[in-house]
Amino acid sequence: MPAERAGYTVTVFLVDISPSMGATRTVRQAPGPNGEPRSVEMTNLEWALQFVKLKIQEMIFHGRKTEQCGVIVFGSEGTDNIVNEKHGGYEHVSEYIPICTPSARTLAKLDELEPSETAGDAIDALIVGIETQDDYLERKRTWTRKIVIVTDGASPLEIEDWEATVKRMSSLTISLTVVGVDFDDDELPYHEESKPAIKRANESFYAQLVSALPENLGLMGTLEHALLSLSSPNIKETKSALMSNILRLGDVEVRGEEALEMGVRVAKCTSLARAGGWKRFFGTTVKGVDEEDERQVVFRELKKRTEYVIDRAQLESDGDGDNRSVTLADFDEDEEQDGKDDRPIEKVEKEQLVRGYKYGSTYVPCPDGQFLKLQTRQGIDICGFFSRKNFNRSHPLSEVFYVFATPTSAPDQIAFSSIVQAMYEKGVLAIARMVRTDGTEPKMGVLSPIVWPKVDLLLWVQMPFADDIRHYTFPSLTTLTSRTGERITKHPYLPNEEQLEAMDRFIDDMDLSDAGEKDEKGDRQPWFDPRLSYNPAIHRTKQALFHAAVVPDLAAYPLPPPHPELTKYFEPPKRVLKRARQSLEACKEAFKVKEVPKKAPKARKDGHVRAADEDEDMILLDRKGPARKRPDAQISTPSLAGPSQVPKKRAASDSETETESEDEGSLLPKAVSKGGPSLPTPTASPEPELDPQRAPGRIIGSTFPLKDFRVNLSRGDVVTKAVEDMGTVIREIVGRPFAGRRKDEMIECLRVLRATCLKEDEIDAWNDIMKGLKSDCSSETGNKAFWSELKKLGRNISLISSSEAEEVGAISLVPESVAEAFIQQ
């Protein structure tokens, strides 16, 4: 089935609320803390609505306005649908929730549904759903249409002229899914005993109805299997937006007769998935109305405020009154401070601050202004070629992009295919410079040829510069050199032939490439498939969010265990463990591996006790006798002045903890410490990390603002602080010289920040940030070019209006008309 566009989908749920849906059943729940089985009583309707709410919750989770749904119930006491209003009939079918972008109120309204006393016809509801959906999408013919029927199949059906309904659905390309309560399922497997005749007949009809639809448009299954499949991890395949660009080979301006230039399209090949954000709440105990009422705990979201202060005491100690430094102080708005700060600090307003850059030990004020931007033009320029074998797979920085010829230009397709075929036959990759639009920052990357049947394309990925790569050097594992420069061939640190052979056998026995199931020919397949390995943090978090949103009480409805597909790679296959058992014992014998007895932690003077490692009992070392303590000088290079120049070891009373040299000495063999060559423990030379450029008191730096922002969002307790600092950093970077080089990055930061503010109810903060950014860009020395780029993005980057806020259950004081006019002025 081809990938769908992200969003642009209308799903209509047809929910059966006939009397038979009021029958109670026992549903198994997650085991208790001690493994005891647990279950809960609920009606068929409540069980079926869990599926509907999980599907709607997934739409809410995606946060797309173009992913909409509606709910139509059949078996209702009254009648309310557009077909009945126009032509009559189709009674006991009501449009319960009109088609719209779902929100938390949609889930709350579903909880109000109860079984009725009137039977409903699913075919009538299907026809009403088709017409309601078609009427809503009258001017949106390219949108995807889906209808889901949720029923127990116990009510009579009027199946006359059902073929006409199938033709209507086929012409509109509507996909139909029938989810039945206690329907037979061979895959689960499940077969209901003593099934009523009417349900058996209806089930057969639903199967015939689904099979009559074109391929990939019909699906039918039982409710239990559908609920299980919703917890299964899956990768959503969506269509990426195509971006026009130009591929150049050679200098088209100076040597146009020798150069090639062709139109191409660029689209995303992969997209990084991330877990959802969190908010932090704190509980406050409040008294009841009467004194006899019990105290209640009310939870409120934790918010912070930021103040800018000048520390006078620090200025006096520095002795420089002109070099003022401003400190950020964060306070919880809903919590009182434990004590007052006695330091002589002076509060200043944010508007009084001036942007400055650190130069040495001082800060240099920077007036508002712009440096000249690098003039770039749109295009992908091939700078050279290199052999595929020289490509380092650890160097790519970005997501992968497809690059293919313009579909409407035959000459471009022929020229593009020639380049791809030549690169593929020669086994080379291309170094390419990509500029997405005129004036944007260029990015260097690599183009890799891909030849598929009837399709030739290139894959582009961004690569780092030489200065961005850190080169670490490590001592050899097979060669040791003494202090005198003599090469040592036999040493306890060097493996012998017996140990090497034992380790080789152990590695071969632990090979996973032939530990999977057998194929049709009887050959073992690989056990691990990266395409079926999912991130537990993302999918388990998503499952927990969805579960908490659809159940009324987590104590009565605990979170079920993770899906088996999520945990199947947690443990190695038993076949491999059994095969490697002998080679593992051989390794233990060859390396003389012994378990080190647990050592009592050494207490410090202040009473601090070292924390125990989880796997401390599993450390395996060949330890002979008690540890020998040696001074640090014994493992350093000997001095030419002789042993009299070796510094003495500090007394035990001067050290609060064991030194690294003491632990190191306990691992050295006795023969070496007595007179043999002493070998230093190799350590990598640390290199300085890139300065994140975080101002004092901020949690967002100007080096990687988006990365810092996402890291802090994952914490969940500093959302307000992260939003405020992110807005400040964006305004600072946009106002700097050469800000055009980071234009795309800043736009992406604004996109992510807007989505976060809308999701985390920081709407007022976003509107204030945009107003301040517009004021900065509109000033005499402001970055007017950046605001022009924002205008091109239109309404999606403007203020958050009251209508947008209402969709997520929040409040905004900005009307929709003001939000539309704001970005265009």
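The values are calculated or read from the model by the stated rules, or taken from the named source; none is laboratory data. These figures come from a predicted structure and were not determined experimentally. Heads up, the Cβs are rebuilt from the backbone with ideal geometry, glycines too, and the neighbour counts pull from every protein chain shown.
Only one of the numbered conditions (1) without any contact (Cβ under 8 Å) to a residue 60 or more places away in the chain; (2) surrounded by 14 or more Cβ atoms within 10 Å (Cβ to Cβ); (3) not basic (Lys, Arg) is violated by Pro33, and that is (2). Applying a threshold of 8 Å to beta carbon distances and a minimum spacing of six or more residues, or different chains, the list of pairs starting in the stretch 727-750 at a residue that is within 16 Å of Lys774 (Cβ to Cβ) and touching a residue at least 60 places away in the same chain (Cβ under 8 Å) and ending at one that is surrounded by fewer than 19 Cβ atoms within 10 Å (Cβ to Cβ) and of a type in the set (Lys, Arg) reads Glu732/Arg355; Gly735/Arg355. Say whether the condition of being aromatic (Phe, Trp, Tyr) and part of a strand (DSSP E or B) is met by at least one residue in the stretch 373-388. Yes; the residues of the stretch 373-388 include at least one that is aromatic (Phe, Trp, Tyr) and part of a strand (DSSP E or B).
Any residue in the stretch 129-143 that is of a type in the set (A, V, I, L, M, F, W, C) and either outside the structural domain of Ile17 (by TED's automatic domain parsing) or part of a helix (DSSP H, G or I) (or both)? The answer is yes; a qualifying residue exists. Thr222 meets the conditions (1) farther than 19 Å from His563 by Cα; (2) surrounded by 12 or more Cβ atoms within 10 Å (Cβ to Cβ); (3) not acidic (Asp, Glu) in every case but one. The failed one is (1).
When only residues in the stretch 128-159 that are of a type in the set (A, V, I, L, M, F, W, C) and over 40 Å from the mean Cα position of the chain (by Cα) count, which is surrounded by the fewest Cβ atoms within 10 Å (Cβ to Cβ)? Among them, the one singled out is Ile159.
With the requirement that a residue be modelled with pLDDT of 90 or more, of a type in the set (Ser, Thr, Tyr) and either under 19 Å from Cys269 (Cα atoms) or surrounded by 18 or more Cβ atoms within 10 Å (Cβ to Cβ) (or both), what does the stretch 386-416 give you? Passing the criteria: Tyr402, Thr406. The number of residues in the stretch 449-491 that are free of Cβ contacts under 8 Å to residues at least 40 places away in the same chain and in a strand (DSSP E or B) comes to 6. Residue count for the stretch 167-195 under the criterion of being crowded, with 19+ Cβ neighbours inside 10 Å, assigned to a loop (DSSP other than H, G, I, E, B) and among the aliphatic types (A, V, I, L, M): the result is 1. Evaluate the stretch 239-246: report whether one residue or more is over 23 Å from Thr26 (Cβ atoms), part of a loop (DSSP other than H, G, I, E, B), touching a residue at least 12 places away in the same chain (Cβ under 8 Å) and not polar (S, T, N, Q). Scanning the stretch 239-246 turns up at least one residue that is over 23 Å from Thr26 (Cβ atoms), part of a loop (DSSP other than H, G, I, E, B), touching a residue at least 12 places away in the same chain (Cβ under 8 Å) and not polar (S, T, N, Q). Taking each residue of the stretch 204-224 that is within 14 Å of Asp184 (Cα to Cα) and free of Cβ contacts under 8 Å to residues at least 60 places away in the same chain and looking for partners that are surrounded by 14 or more Cβ atoms within 10 Å (Cβ to Cβ) and charged (D, E, K, R) with beta-carbon atoms closer than 6 Å, six or more apart or interchain, yields Thr222/Asp185. Of everything in the stretch 758-811 that is polar (S, T, N, Q) and surrounded by fewer than 13 Cβ atoms within 10 Å (Cβ to Cβ), the residue that is farthest from Leu302 (Cα to Cα) is Thr781.
Every condition in (1) at pLDDT 80 or above; (2) more than 30 Å from Ser778 (Cβ to Cβ); (3) touching a helix residue (DSSP H, G or I) at 6+ places or on another chain (Cβ under 9 Å); (4) of a type outside the set (Gly, Ala, Ser) holds for Leu374 except the one numbered (2).
Here Leu228 meets each of (1) surrounded by fewer than 16 Cβ atoms within 10 Å (Cβ to Cβ); (2) in a strand (DSSP E or B); (3) of a type outside the set (Val, Ile, Thr) with one exception, condition (2). Close Cβ contacts (under 6 Å, 6 or more residues apart or on different chains) running from residues in the stretch 359-379 that are in the same structural domain as Phe738 (by TED's automatic domain parsing) and within 30 Å of Glu253 (Cα to Cα) to residues that are modelled with pLDDT under 80 and among the charged types (D, E, K, R) are absent.
Every residue, every condition in (1) over 34 Å from the mean Cα position of the chain (by Cα); (2) surrounded by 16 or more Cβ atoms within 10 Å (Cβ to Cβ); (3) at pLDDT below 50, yes or no:
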position: Leu668; (1), (2), (3): yes, yes, yes
position: Ala684; (1), (2), (3): no, no, yes
position: Leu706; (1), (2), (3): no, yes, no
position: Val723; (1), (2), (3): no, yes, no
position: Pro737; (1), (2), (3): no, no, no
position: Thr756; (1), (2), (3): no, yes, no
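Quick one: would you say Asp111 is closer than 18 Å to Ile60 by Cα, in the same structural domain as Thr222 (by TED's automatic domain parsing) and out of contact with any Phe, Trp or Tyr (no Cβ under 9 Å at 6 or more places or on another chain)? Yes; evaluated as a whole, the condition is true for this residue.
The requirement of being surrounded by 14 or more Cβ atoms within 10 Å (Cβ to Cβ) and either acidic (Asp, Glu) or modelled with pLDDT under 85 (or both) is not satisfied by Glu77. For the stretch 495-516, filtered to residues that are surrounded by 15 or more Cβ atoms within 10 Å (Cβ to Cβ) and not in a helix (DSSP H, G or I), the residue that is modelled with the highest pLDDT is Met510.
State all residues of the stretch 527-544 that are surrounded by fewer than 17 Cβ atoms within 10 Å (Cβ to Cβ) and of a type outside the set (Phe, Trp, Tyr); if no residue qualifies, say none. Hits for the stretch 527-544 are Asp529, Pro530, Arg531, Leu532, Ser533, Asn535, Pro536, Ala537, Ile538, Thr541, Ala544.
If you go through the stretch 55-74 one residue at a time, do you hit one that is touching an Asp or Glu at 6+ places or on another chain (Cβ under 9 Å), farther than 30 Å from Ala805 by Cβ and surrounded by 19 or more Cβ atoms within 10 Å (Cβ to Cβ)? Yes: the stretch 55-74 contains one or more residues that are touching an Asp or Glu at 6+ places or on another chain (Cβ under 9 Å), farther than 30 Å from Ala805 by Cβ and surrounded by 19 or more Cβ atoms within 10 Å (Cβ to Cβ).
Regarding Ser417, is this residue touching a residue at least 40 places away in the same chain (Cβ under 8 Å) and hydroxyl-bearing (Ser, Thr, Tyr)?
Numbers: touching a residue at least 40 places away in the same chain (Cβ under 8 Å): no; hydroxyl-bearing (Ser, Thr, Tyr): yes.
Spelling it out, it is not the case that Ser417 is touching a residue at least 40 places away in the same chain (Cβ under 8 Å) and hydroxyl-bearing (Ser, Thr, Tyr).
All but one of (1) more than 24 Å from Val27 (Cα to Cα); (2) crowded, with 16+ Cβ neighbours inside 10 Å; (3) of a type in the set (Gly, Ala, Ser) hold for Ala48; state the number of the condition that does not hold. Going through (1) more than 24 Å from Val27 (Cα to Cα); (2) crowded, with 16+ Cβ neighbours inside 10 Å; (3) of a type in the set (Gly, Ala, Ser) one by one, Ala48 breaks only (1). Considering the stretch 421-445, and only residues there that are assigned to a strand (DSSP E or B) and basic (Lys, Arg), the residue that is surrounded by the fewest Cβ atoms within 10 Å (Cβ to Cβ) turns out to be Arg433.
Looking at the stretch 92-110, can you tell me whether even one residue there is among the acidic types (Asp, Glu) and in a loop (DSSP other than H, G, I, E, B)? Don't jump to the end; show me each part of the working.
Going residue by residue through the stretch 92-110, those that are among the acidic types (Asp, Glu) are 95.
Restricting the remaining residues to those that are in a loop (DSSP other than H, G, I, E, B) gives none.
Within the stretch 92-110, not a single residue is among the acidic types (Asp, Glu) and in a loop (DSSP other than H, G, I, E, B).
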